[in-house]
Amino acid sequence: MSRFNFILRRLLVTVPMVLVVVALTWALIRLAPGSFYEGERKLPPTIEKNIRARYGLDQPWYVQYGKVMGNILRLDFGNSLRYENETVNEILRRTVPVSAALGTCAYLLALVVGITLGTVAALRQNSKIDYGAMTLTMLGISFPNFVLGPILVLVFALSLYWLPPARWGGFPSRSLILPVLTLSFIYMAYIARLTRAGMLEVLRSDYIRTARAKGLTEAQVVWRHAMRGGLLPVVSFTGPALALLISGTVVVERIFAMPGLGNYFINANLNRDEPLILGIVAFTSMTVLIFNLLVDVAYAYIDPRIRY
Amino acid sequence: MSKAKRLRLIAQVVGCAILAAGCVARAQKQEWFGVTSPPPGQTLRYITGAEPESLDPQMSSGQPEARIAISMFEGLLEYHPKTLEPIPGVAERWASNGNASEFVFFLRRNAKFSNGDDITARDFVYTIRRGLRPELASRVAFMAWDIKYAEALNEGGAFVRDPKTGRFVLASEAAEAEGAAPAQEPSKAGEDIAPDTEFHRLIHEPERLVVPSDEKERAKKVKAGTKLAGLVEGKEFVPVKPEDIGVEAVDDYTLRFTLKQPTPYFLGITQHQFFRVIHEKTVERYGVNWTRPGNIVCSGSHMLAEHTPYNQVVVVKNPKYWDAARVRLEKISFFPLEEQTTMMNLFKAGEVDATYNHSVPASWLRAGLRHSKDYMDAPENGSQYWQLNTKQGPTTDKRFRKALAMSVDRQALQGFRVVSKANGAFVPTGILPGYQSPPGFTLDVEGAKRLLAEAGYKDASGNFDPSKFPVKDLEITYNTSESNRQVAEFMQAQWKQHLGVTIPLRNIETKSFFGMRARLDYKGIAAGAGWSGDYMDPYTYLGLFATAAGDNGTGWYDPKYVKMLEAANREADQAKRYQMLSKVEEYLLDNAPIIPLLKPATSWMKKPYVKGLYPNPGTLHAWKFVYIEHDQAKWDTAMPDMTNPHYDGE
């Protein structure tokens, strides 16, 4: 099967998968008690009736469901219920770049630092550097970002007054530094550990011994031969990592008051803002599926053993 | 890793933690919390709470929105910066008739929208009619329901007319048919304030009967009422139009409201954002998008410059505002934020100048922040109480309910809660000058036990017996929130200590909780957070129990109570009316459908260089009086004195 066919088939599978996810989400929203217009105060029945009529909630469920699915297929998620002069698409267009900027910066930082740390640790196995790096990564994995974030704020924003403690200052700006650090720490740790493990395995393999025997310098061995095999675990980690990154930004955006997707996602759920929840869920699941596909494709390029 | 190395590592981590904690502790011993250097010029950076659901003043219900609306839109009356009493806004002066069923506002002639158009009485008429249109589906439209036929318009009602004679069926006919006493017609004595007009005579004709326009709903209602069928038989139905409601532009600068009943607190209602004037042409041209920057036309001291959701709403000074000479803030940035810790971080780092109410985490207050001079602690327009289910279980017995309310030590609760103050009555004292609440409940364990014994929970010798207490029929049902949980646990301990019974706790997710409470679907005790007043009058609290539905939540509905309330509202003399309302409150407490607990206090932060911003009972600020003081000698040295009604910029 050609690579093109493979990609096409995977893309076609994506559509029903997203629809299933959206349908399940829709059902869950309907099962959850409460509705978007309910607050602490009980609305007079008249006002409740007006609101229900305006948003089509007085129609039978299959009509509403049909409308939702039609919207999703047209990639037009309709208007938010809570922020009524905004369409979900506008919200996505505005918030995705913020979350993407955070996530991308964090992941790139994690890649650079993580791979360096992991490689060095593998090359100097059982040395002080190795132990130091692995202790740091252990901390990174076990330290949740809602603990790390406030500690960084306490030190750099409230004691040293070097960086702003929160709020979005545009891209690029100093306001990104603390949230990106907070977000990237755990990935840095994972990547360093994966790199170390991968490199250790590869460095002992026959083809590396051959390369060394051929008289290549250590740098050539590491860069041209060991890295390619040693980084495979990192590549396969990238798919789920990007999915995790999306849920990770939810917390970090909250702590640092960033106007990204995560903040909307939390509030959309609390507000029972159905079109917005469905829009974000559909967008997120599409992103995850596409990233997984990209990872699979990238595998073939990196690892000569994999064929479609 | 060797053992020694591991120990060293642990020591280092612990050291860092202690250092970090030390930083916090040191900061909190300071007079002011964090940085006190004002931003350049006249710019205020303010945290207003959640992202506004809408910038449309007729659509938004919450406080975050109200504060933004005050900056962009002006109403007939504005809030006094300290007491929230009505002060002139677009209206220069106002008058009401003898029984407060008709109000006339005289508008200033120099009021303008931000595009230069004059603000006239017609703009107010448009604003209010639009807000009440059922298709707009405003969730705060009920604020205007005191206006005659406003509720009928909002619910899509219709008048009933005889097609032959053209005569409308009257509400009194339906009331007589149903055997109820006819409603009292409000007095007509308003002509001496403003000229009589044809509309005025029309609106003062006896009240017409209103039935639902929708055929299905009408059929339902006709079925329910025994004699309604005869009245509507063969009649035509005329939908209530926006022109039918009791608001009239007598001329360009005279606005008259005719209300369906005496409403002495009506002035306080007109301060709400629902009554703040909007620009008709802009709204009709842009529809739901009229509030976007670029489209919007404002009427307040400031106008919208930027809105990036979840980031900021920026308003700048409106040069066309009639009182622009007084306005000093060139720019206000409202930051929508909900994480308390993040807010405090920003405040400490000097990135914001003031925060909204209840923005300080309790743990920070306990750690000493409440002694900081930038902490605002003043009485608030709110009441914290628990509701009791009077329709089922042991709480149907008034003695049982009173016993629960009597066996709580509110002083201890106050000490535990840090911010709120003990309150054994329902209406909060100290915010309404001249209103005296009844003494209310105090801790009286013996009295409570006696009542419980009378209610049948007694041993052979007639004393209260905890083992007979119906614990299994009760639950303290509270909605998810840290503070609700703490109060619920405290109360559980109180009843354990005083009565020797352990009532189980039950936590319910917030959205579900309100529905359950409204349906009375809870066992005994609903432990919500309480009520914030909509306006400055005891009726905003006492009125909750004038109907069995709505936010009552207890099922307690007593016609005698409603009659007492109505009688008080017909009283023109404010001092006498307050006395009567105090009696009404006493009657309510004697029936104890609620357990009053606390009255909230304001809890927010303000830098000393922000002047004209006061901890008033509603945390609603007229921004036209606020400014940044760059002369350090004139900075606040403590929380502003709230007992003196004078304010900066007066």
Inset, instruction - Please identify the helices of chain B, taking whole runs of DSSP H, that span at least 24 Å along their own axis as judged from the Cα atoms and have a mean Kyte-Doolittle score of -0.5 or higher. - result: B:3-29
Legend entry - Under 5 Å, built H, 5+ apart or other chain: amide partners of residue B:48: B:335, B:337
Legend entry - Which of A:203, A:245, A:216 has the fewest Cβ neighbours within 10 Å, and the rest in rising order: A:216, A:203, A:245
Legend entry - Helical mean residue ellipticity (222 nm; -39500 (n - 2.57) per DSSP H run of 4+; nearest 500) of the protein assembly as shown: -13500 deg cm²/dmol
Inset, instruction - Shielding by partners for A:256-263, please: the mean number of other protein chain Cβ atoms within 10 Å of each residue's Cβ. - result: 4
Legend entry - Cross-link reach list, aspartates and glutamates versus residue B:227, counting only Cα pairs under 14 Å and skipping chain neighbours closer than eight places: B:173, B:176, B:178
Legend entry - Residue order, fewest to most beta carbons within 10 Å, for B:355, B:291, B:502: B:502, B:291, B:355
Inset, instruction - Provide a whole-number value for the mean count of partner chain Cβ atoms within 10 Å of the Cβ atoms in peptide A:153-159. - result: 6
Legend entry - Alpha-carbon spread of chain A, three principal axes, descending order, Å: 84, 60, 30
Legend entry - Reciprocal of mean inverse Cα separation for the protein assembly as shown (Kirkwood radius, Å): 31.8
Legend entry - Rel. contact order, % - alpha carbon contacts under 8 angstrom, at least six apart, chain B: 20
Inset, instruction - Ignore the peptide's own chain and count Cβ atoms of other chains within 10 Å of each Cβ in A:165-178; give me the average, rounded. - result: 3
Legend entry - Charge dipole magnitude, Cβ of K and R +1, D and E -1 - the protein assembly as shown, Cα centre, debye nearest 20: 4300
Inset, instruction - May I ask for the distance between the Cα centers of segment B:267-313 and segment B:361-440, given as a whole number of Å? - result: 36
Inset, instruction - Compute the long axis of helix A:88-123 from its Cα atoms, compare it with the longest principal axis of the Cα atoms of chain A, and write down the angle in degrees, 0 to 90, nearest 10. - result: 20
Inset, instruction - With a ≥ b ≥ c taken as the square roots of the eigenvalues of the C-alpha gyration tensor of segment A:96-160, please select rounded if a/c is under 1.5 and otherwise prolate if a/b is larger than b/c or oblate if it is not? - result: oblate
Legend entry - For peptides B:116-128, A:181-193, sequence by mean Cβ density within 10 Å, most packed first: A:181-193, B:116-128
Inset, instruction - Could you list which residues have their amide H under 5 Å from that of residue B:326, counting only those 5 or more apart in sequence or on another chain, with H placed in the peptide plane? - result: none
Inset, instruction - Please work out the C-alpha center-to-center distance from segment B:39-87 to segment B:585-620 and express it in whole Å. - result: 18
Inset, instruction - Please sort B:325-336, B:367-378 by packing, taking for each peptide the average over its residues of neighbouring beta carbons within 10 angstrom, highest first. - result: B:325-336, B:367-378
Inset, instruction - For segment B:194-301, state which trypsin sites (Lys or Arg not before Pro) are in a DSSP loop and have at most 15 other beta carbons lying within 10 Å of their beta carbon. - result: B:227
Legend entry - Set of lysines with alpha-carbon distance to residue B:421 below 22 Å, sequence-local pairs under 8 removed: B:82, B:373, B:402, B:599, B:606
Legend entry - Exposure proxy ranking, count of Cβ atoms within 10 Å, fewest first, for B:298, A:105: A:105, B:298
Legend entry - Cleavage-rule hits (GluC sites (Glu not before Pro)) in segment B:485-567: DSSP loop, at most 13 neighbouring Cβ within 10 angstrom: B:509
Inset, instruction - Tally the DSSP beta bridges in the protein assembly as shown and give the antiparallel ones as a percent, rounded to 5. - result: 80
Legend entry - Members of B:148/B:281; B:148/B:523; B:221/B:241; B:241/B:391; B:391/B:560 lying beyond 30 Å, as alpha-carbon distances in this model show: B:148/B:523; B:241/B:391
Legend entry - Interchain or long-range residues, amide H under 5 Å from residue B:505's placed H: B:476
Inset, instruction - Quote the relative contact order of chain A in percent (integer), defining contacts as alpha-carbon pairs under 8 Å separated by 6+ residues. - result: 27
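Each value in this text was obtained by applying a stated rule to the coordinates, not by laboratory testing. In this text, all values refer to a predicted model and were calculated from it rather than measured experimentally. Cβ sites come from the backbone with ideal geometry, for glycine too, and all protein chains shown count toward neighbours.
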